[in-house]
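**Q** Submitted below is the structure of interest, expressed as structure tokens.
The values are calculated or read from the model by the stated rules, or taken from the named source; none is laboratory data. Keep in mind the model is a prediction, meaning the values are calculated, not measured. Only protein heavy atoms, including side chains, enter the accessible area calculation; ligands, DNA and RNA are left aside. Shrake-Rupley method; radii C 1.70, N 1.55, O 1.52, S 1.80 Å.
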Amino acid sequence: MPFDALTIAAVRQELEDTVVGGRVQNVVMPGPLTVSLELYRGGTGRTNVVLSAHPQHARAYLTGSAPSRDPDSIVNACSFVSVPVDRSRRYAV
């Protein structure tokens, strides 16, 4: 499936409609290159944004349920990410 400018614009709009104004409640690392942000936004409730930095299969998507934590993931890296991000608000995508 081609990933062109129209697709990127649609993904950006969907993320902006869901994420902007939300507060980060939790940060989970389901994999070594994947981070999940649990967001709470008044009116829409809880949403999880999953971001992956995989070299061939990078992705960003929304999910209603939190992904499970990878037991082999490095806990310190997740803690390092969660300190500045936890309880912060998203203003733009």
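**Q** Give me a comma-separated list of calculated 3J(HN,Hα) values for the stretch 24-35, in order, Karplus coefficients 6.51, -1.76, 1.60 applied at θ = phi - 60°, integers in Hz, x for any Gly or Pro.
**A** Per residue, the Karplus-derived 3J(HN,Hα) values read 6, 9, 7, 10, 10, 9, x, x, x, 10, 10, 10 Hz.
**Q** When all protein chains stay in place, what accessible area (Å², nearest 10, 1.4 Å probe) is found for R41?
**A** About 60 Å², rounded to the nearest 10.
**Q** By how many nm would the segment from L51 to Q13 lengthen if fully extended, with 0.36 nm per residue of separation less the alpha-carbon distance?
**A** So the extension gain works out to 12.1 nm.
**Q** Using each residue's phi in the stretch 7-19, evaluate 6.51 cos²θ - 1.76 cosθ + 1.60 at θ = phi - 60° and report the 3J(HN,Hα) Karplus result to the nearest Hz, with x for Gly and Pro.
**A** 5, 4, 5, 5, 5, 4, 5, 5, 5, 5, 5, 9, 8
**Q** Using only protein heavy atoms and a 1.4 Å probe, report how much of L33 is accessible, in Å² to the nearest 10.
**A** Around 90 Å² of this residue is reachable by solvent.
**Q** Calculate the length of the line joining the C-alpha centroid of the stretch 45-61 to that of the stretch 1-35, in whole Å.
**A** 6
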